[in-house]
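Below you'll find the structure, written out as structure tokens, and then a few comments.
The values are calculated or read from the model by the stated rules, or taken from the named source; none is laboratory data. The structure displayed is predicted, hence computed values, not measured ones. Virtual Cβ from ideal backbone geometry, glycine too; neighbours counted across all protein chains shown. Please note that ligands, DNA and RNA were not included when accessible areas were found on the heavy atoms of the full protein model with its side chains. Shrake-Rupley method; radii C 1.70, N 1.55, O 1.52, S 1.80 Å.
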Amino acid sequence: MTSKAFTAPSLQNKKSLLLCILCLFWNLGLVQSTINSTLPSPPESSSSDSSIVTLTTRYDKQNNSNNNQSLSANLNLYPNHAGLIPFEEDCIAHVTHMIGDDGPRTQLMCTVDGIFYLLPTVSEEWIQEQTVLGELISDETVMILPGDAMLNPRTYEIFFNSEPPSLWNHEMEERERRRKLRRLAITGTKTVLVVRVQATDATTTSTAAQLGNFVFGDDGSTLNLKVQTGACSHNQVTINKATARTGSTTSIANGIVTIPVSIATSAGETTMINTITTNIKIEFGVSAVSDLADYAMYCFPPGTMATDAVAYAVLNGFLSFYNDEACTYPSAQIHEIGHNYNMGHSSDSAQEYGDKSGLMGFSYKYTDIPYMCFK
């Protein structure tokens, strides 16, 4: 057997080897580029479409970060946006009006099988415009979301960066849609369920007894949701407590129920809403919270909402949400239930909440004043 001496590669072979190495690195870069191009990009604001706005989350506000930053700039502050998945369901539109120290805020939400989703990239201008046109009817209009809609399954937020949602109103004629915009007469007896919430890190501050006093006047007080609704409607509307009912682990008593949830307040408002709703339905064996009462007030534990937020409600719906002690403010109660009645804001020419002559304008953080009505 003969051995073969090692021969150094020629210059030509060295060039060929170097070229192959360069090709390998180039191909790896191309593969990485291809992989990156297939991953969903965070939604960005569109300057050409007024219906899409630069996204800032409520968590940014709580952390006092710049509210003009885009989602991509906030990913480090809000890591829950990782793992977006396509959202292909049609859903029912819900317009919400929030009271806050920094002024009013209108949001668009939607539901699928009773689960709420927040659409933070839709502008207030588009919501208001479509509402005025009669195309967007809260609690009734079906929304068909654009093809690039992406869901954050942890926060129940849906993002998209293309055209706004398509709106479908069950083929109602224009006259019928216009009729839906008018404030419908609310008369008769309406039941209210007040929900205290026990999260893993905090519980609604007011006790069940205290909420009974502030909402229903159990202590004989003369300013609360029940008394003032009767006075303002000339006794055409009577507020009663939700019917007493025993659940698997808790009960509705005197119109109040305490619902435990296995999440912390930092989970966010929409996640909190859905968890409360799901737990109520399981607890009492109902298909919807509206099976228990005409209206439901969710009194969030402290820390669930931004510190400057007071309350908000679903327009033309049955749910309203309160930042802890705001559940005890009669003006906030009446204002938010007014939105459930399909009432908008009472404003002056300069400011949406500028009208202080009625409770659909400015709201007050007091439990004993003011004695005012809708305007």
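Below is a table of values for the structure above.
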item	result
Anisotropy class of region 289-338 from Cα gyration tensor, a/c 1.5 cut	prolate
Accessible area (Å², 1.4 Å probe, nearest 10) - His234	150
Order by protection proxy (mean Cβ within 10 Å, highest first), peptides 311-319, 194-202	311-319, 194-202
Extension gain (nm, one decimal) between Asp308 and Ile263, 0.36 nm per residue minus Cα-Cα	14.0 nm
Probe 1.4 Å, protein heavy atoms only - accessible area per residue of region 235-327 in square angstrom	33
Mean projected area (nm²) of the alpha-carbon convex hull when region 277-316 is viewed from all directions	3.7
Protection proxy ranking, peptides 237-250, 215-228, average beta carbon neighbours within 10 Å, highest first	215-228, 237-250
For region 230-241, 3J(HN,Hα) per residue [Karplus equation, 6.51 cos²θ - 1.76 cosθ + 1.60, θ = phi - 60°, Hz, x = Gly/Pro]	x, 5, 6, 9, 6, 6, 7, 10, 10, 8, 10, 6
Anisotropy class of region 187-319 from Cα gyration tensor, a/c 1.5 cut	prolate
Inter-label distance, nm, simple model (7 Å from Cα along the C-beta direction), Thr243/Glu129	4.6
Inter-probe distance in nm under a simple model that places probes 7 Å from Cα toward Cβ, at Arg105 and Ser166	3.1
Whole-Å distance, taken between Cα centres, linking region 238-252 and region 138-163	34
